[in-house]
1. Quick one: net charge of Leu399's neighbours, Cβ under 10 Å, K/R +1, D/E -1?
2. Going down the table (Lys172/Lys316; Lys235/Lys316; Lys176/Lys299; Lys188/Lys313), which pairs top 18 Å between alpha carbons?
3. Apply the a/c threshold of 1.5 to the C-alpha gyration tensor of region 387-431 and tell me whether it is rounded, prolate or oblate.
4. For region 21-129, what is the charge dipole size about the Cα centre, in debye to the nearest 20, if Lys and Arg each add +1 at the Cβ and Asp and Glu each add -1 at the Cβ?
5. Once you have the Cα-Cα distance between Thr84 and Gln118, take 0.36 nm times their residue separation minus that, and quote the gain in nm to one decimal.
6. With point charges of +1 on the Cβ of Lys and Arg and -1 on the Cβ of Asp and Glu, referenced to the Cα centre of region 21-129, which listed residue (Gly120, Ala39, Tyr49) lies farthest in the positive direction of the dipole?
7. If packing is taken as the mean number of other Cβ atoms within 10 Å per residue, what is the order of 54-60, 221-227, highest first?
8. Give the relative contact order (percent, whole number) for region 387-431; include only Cα pairs under 8 Å separated by 6+ residues.
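Just so it is clear, none of the values below were taken in a lab; they were calculated from the coordinates. In this text the structure is predicted, and so the values were computed from the model without any measurement. All Cβ positions, glycine included, derive from the backbone under ideal geometry; neighbour counts span all protein chains shown.
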Amino acid sequence: MPVNRSSVIAAVLLLASLQASAAEVTGFRVWADPAKTRAVLDLDSKTTYKLFTLDNPSRVVVDLSRSSVAMPLTFDEDHAGVITRVRHGQPDENILRVVFDLSGSVNLKSFLLSPTAQYGHRLVIDLLSKSKQQKPSMVKRMADVNEPNRDIVIAIDAGHGGEDPGAVGKNKTREKDVVLRIARELKKVIDSEPGMRAVMTRDGDYYVPLRGRYEKARKQRADLFISIHADAFSKRSVRGSSVFVLSARGASSEFARLLADSENASDLVGGVTLNDKDDMLASVLLDLSQSATREASSKVAADILSSLKRTGKTHKNHVGSASFIVLKSPDVPSVLVETAFISNPREEKRLTEKEFQQRMARAISRGVRNYFYASPPPGTWIAANRNGGRYVVSRGDTLGDIASRYRVSLRSLRRANKIRGDVIHVGRELIIPAS
Ligand SMILES: [Zn+2]
């Protein structure tokens with residue numbers, strides 16, 4: 001009898017779905033960036049939940065149906081943003097209640113994520129601070145392009161972060177950690193350069209969606225966007241650094257395509273952008289007729305690569321190109337540097353060493369400097385000071401660097417400054433002969 005059979009099937013399905021909804025919380029993490037705090041509950045299966053806020057004191061309450069907790073909900077208090085305490089209980093046998101005590105009132109956003117390569121089911125809760133004084137620390141002073149002798153602004157983008165560890169080495173070194181350290185070193189070097197200033201798209205262990213990264217650079221009116229990464233490849237012997245620009249049409253090689261896939265995939269892993277409906281911008285970005293931007297990107301990439309070549313081993317002899325989303329800014333020249341292969345055990349070790357991180361930072365900044373001294377944007381301090389002017393020696397400078405930066409011969413630079421050898425002291429003012 002067909003009617004009876006289908007009702008039996010319906011009852012079985014209902015039972016199955018009830019059983020499937022019994023979930024266990026198997027992990028708990030908190031990330032905080034300047035704008036929001038993100039709490040993530042790992043679940044061993046899908047479940048349903050309710051979420052609400054309470055005031056005086058501010059709290060967020062999460063009720064998970066038919067769920068239990070498998071471990072203590074501990075977190076790193078230094079990186080917990082607005083969350084001050086987390087506790088849980090069982091108001092009735094079908095509900096697991098998790099309560100977040102907060103330091104202020106918040107707006108909520110939450111969603112469930114399906115399993116990916118790295119994680120299982122997750123409930124993500126974003127706590128968006130309501131208080132006005134909690135401004136993103138990155139938004140400092142806007143670069144005013146009309147300001148005479150303005151600084152050149154370099155946006156430094158440390159890849160991955162938060163839920164997205166990036167590539168992971170054999171000894172568990174995470175790309176997101178080492179690239180942040182290199183990015184911070186690079187910021188230091190650039191900030192110490194006359195006429196240059198750096199801003200970071202992230203300065204902590206949190207995730208920033210890929211398009212959000214270059215959006216930050218655009219808001220800061222950056223003259224250049226540099227994304228810092230560490231490579232991974234199935235063959236552990238592969239090593240060396242590489243520099244990429246956005247390709248005209250997708251990837252220029254199979255290798256670059258694979259790489260682009262793994263870098264772009266991070267948006268699926270770590271940054272779910274439910275409110276990211278900026279289709280207008282997306283269509284602008286697809287327009288690859290931004291030839292001036294692309295030409296500038298290629299030039300600065302070549303300068304960075306040649307500087308890296310003088311520093312250590314490079315993976316390829318030329319600048320690569322691939323369709324990295326993070327490079328798709330229509331109006332900010334953008335490059336991506338794969339500093340080393342984290343999949344190569346020797347390079348993995350090096351990536352964790354401060355000395356290597358600083359060496360990378362210096363090499364990248366030297367390339368950037370060479371580019372901007374050769375083609376400075378009008379109205380910048382560097383445009384006003386690079387020709388036939390004076391230059392104060394800063395740390396890490398060599399006579400050869402300075403000569404090539406100003407496009408003068410080493411001989412004429414030596415003669416103008418009465419220098420015989422190669423020793424120059426930090427702080428010395430050099431006369432730059434007209435080329
Ligand atoms: Zn990466």
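1. Working: positive: Arg414; negative: Asp397, Asp401, Asp422.
Its environment carries a net charge of -2.
2. Lys172/Lys316; Lys176/Lys299; Lys188/Lys313
3. Values: a/c = 1.33, a/b = 1.15, b/c = 1.16.
Since a/c stays below 1.5, the shape of region 387-431 is classed as rounded.
4. Numbers: 12 positive and 13 negative charges, 49 e Å.
Dipole size: approximately 240 debye.
5. On the way: separation 34, 0.36 × 34 = 12.24 nm, distance 2.77 nm.
Length gained, Thr84 through Gln118: 9.5 nm.
6. Result: Tyr49.
7. Working: 54-60: 13.9, 221-227: 25.1.
Those peptides, ordered most packed to least, come out 221-227, 54-60.
8. Numbers: 42 pairs, mean separation 27.0, N = 45.
Reported as a whole number, the value is 60 percent.
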